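Peer 1: My questions will all concern the structure given below.
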Amino acid sequence: MANEIWTIKRCLEWTKEYLAERGEEHPRLSAEWLLCAATGLARIDLYMRMDETLNAAQLETMHAAVVRRAKGEPLQYITGSTQFRMIDVTCAPGVLIPRPETEMLVEEVLNYLDAEVLSPEAAARQRVELPWNDEVEQARKAEAALADERATAERRAANLTAADEAALGSDVLGIRAYAEELADREAEEAAAQAAEAEVAEAAESELDEYGIAIEGADQETASAQDAASPAPAEPRIARVLEVGCGTGCISLSLAWERRGHVTCTATDIEPRAIDLATKNRDALGLTSDEVAFSLTNLVSSIPREEWGTFDVLVSNPPYIPTDVMRSLPHEVKDFEPDLALEGGADGLDIFRRLLNAAPYMLRAGGLFACELYEGALDAAAELCRQAGLSDVRIVRDLTDRPRIVRAIVTEPKQRQ
């Protein structure tokens, strides 16, 4: 194979046919992914450079990738990455591959944060009375008065009777034009005068960081006013606790899409997951203050002083029922980790433990949200109601299957 001339086009077609013969469901798409990984090109570039020849290293990489895919290994493990919402996520064997359904779980959390944690506080901020507010109001009134004068001139020209128009003939148009020109000229002169006044005022005095004139005693007055005025409240930072982070895709997306407004604490019991999630965080340029990963069993590592401080507890836990595990597709059952998949007889073993922890971890009004097996959502929702959670909802995925349960903790608990 290496001694022959292999263009991108030839390699793409050969790979597509080879994988199709071995039962690949989407052979061309798989061939494109593998070629992109081997060449470093985007999919669109493949079709722009079909006649380019692959070098020996690219051919060797492609050959090894095709062999792995033919055996059923997931594309994401072979190529080493996948896209999740707005970020690229590195994938590796031993860590669960992000799924499109989980993107919807992130969306549910973001909707809640925007509506209940971030947006209400922003909307509740009071207008601070600053020294220049009166000046702005006066300018607004002057502009309104000028607009009224122009409207009056236009009405005068427009209110001529039919008899007037007959008597004046073509002069009517001249009168209207003159009225409009007069109003325009007055507006331009007023605007020029206002601009000149602002320039003169700025030249006469020093301005502070807000553009307020400060001179001698005036500076002391301004300082006193600043001291007397309450400082604007700092916007609250939402706190999210994720259990079972895997690649980190949930927490990293939340922190990335609401950067500066959301911080996440994420846990996992698998060391490989914590290592991979940390690499993904570093690749995005996020800090440990924005997303902190912890190797632990569920919430065991969360300090007591942080209990009851989280706005959201979110998880994509192991949820495949034991009997269903045997019928999973080959590339899932034989390549992805059982630890991240199997959820016990009804798929709710880990969910029950998370539900028990939620009232201790969340503040009043906090959101508990989990992605679960489609056949377990009704039972999960009932468990939430029995636990005293409110506003229990089931969210359906893009294929219209029940996929997410979300509920609100109304009465937080404290362990003695």
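Peer 1: Counting alpha carbon pairs within less than 8 Å and at least 6 residues apart, what relative contact order, in whole percent, applies to segment 297-416?
Peer 2: Dividing the mean separation by the residue count of segment 297-416 yields 29 percent.
Peer 1: Let me ask something else about it. Please report, as a whole percent, how much of the solvent-accessible surface of segment 336-416 comes from carbon and sulfur atoms (probe radius 1.4 Å).
Peer 2: After summing per-atom areas, the C and S share lands at 46 percent.
Peer 1: A follow-up question, please. Compute the accessible area per residue over segment 1-123, keeping the other protein chains in place, probe 1.4 Å, unit Å².
Peer 2: 51 Å²
Peer 1: With a ≥ b ≥ c taken as the square roots of the eigenvalues of the C-alpha gyration tensor of segment 275-347, please select rounded if a/c is under 1.5 and otherwise prolate if a/b is larger than b/c or oblate if it is not?
Peer 2: Oblate, because a/c is 1.5 or more while a/b does not exceed b/c.
Peer 1: Now, a different point. How do Asp275, Asp289, Asp311 stack up against each other in accessible area, from largest to smallest, with a 1.4 angstrom probe?
Peer 2: Of Asp275, Asp289, Asp311, the descending order of accessible area is Asp289, Asp275, Asp311.
Peer 1: For Met361, Met86, Met48, give the ranking by accessible area with the largest first, probe 1.4 Å.
Peer 2: Met48, Met86, Met361
Peer 1: Any idea what the dipole of segment 223-374 comes to, in debye rounded to 20, about its Cα centre with Lys/Arg Cβ at +1 and Asp/Glu Cβ at -1?
Peer 2: 380 debye
The values are calculated or read from the model by the stated rules, or taken from the named source; none is laboratory data. Keep in mind that this is a model prediction, so the values were computed, not measured. Every residue, glycine as well, gets a Cβ built from its backbone with ideal geometry; the counts of neighbours run over all protein chains shown. We work out accessible area using only protein heavy atoms, side chains counted, and drop any ligands, DNA or RNA first. Shrake-Rupley method; radii C 1.70, N 1.55, O 1.52, S 1.80 Å.
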